[in-house]
Amino acid sequence: MQYKGFIARHYFVIDAGVYVGEIVNTSDVIAFSAESLAHLHEAMKSAVDSYLNFLGIDPFLSCDKQEFRAYLP
């Protein structure tokens, strides 16, 4: 999955019955979860937007990978 230049991998945790995802192309830990695949992408968007907000970047601006060069490897 991709969103605003961030790439995530995901897997299903059988014991918990949830999908868990994590952003793989940043040195910070950004994780998210959802009970269905349909909701997992929305959870990713929310996690990335929260991360950008934490960094002081307006998550609602139109973004591309160039703007996040300092945060992506």
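The values are calculated or read from the model by the stated rules, or taken from the named source; none is laboratory data. Note that the structure is predicted; figures quoted are calculated from it, not measured. Quick reminder, even Gly has a Cβ in these numbers, built from the backbone with ideal geometry, and neighbours come from all protein chains shown.
Results, tabulated for the structure shown:
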read-out: Within the range 31-48, considering residues that are of a type outside the set (Gly, Ala, Ser) and surrounded by fewer than 17 Cβ atoms within 10 Å (Cβ to Cβ), the one modelled with the lowest pLDDT; value: Leu37
read-out: For Phe68: the one exception among (1) in contact with a strand residue (DSSP E or B) (Cβ under 9 Å, 6 or more places away or on another chain); (2) more than 13 Å from His10 (Cα to Cα); (3) at pLDDT 70 or above; value: (3)
read-out: The lone exception for Leu52 - which of (1) over 14 Å from Gly5 (Cα atoms); (2) part of a helix (DSSP H, G or I) it fails; value: (1)
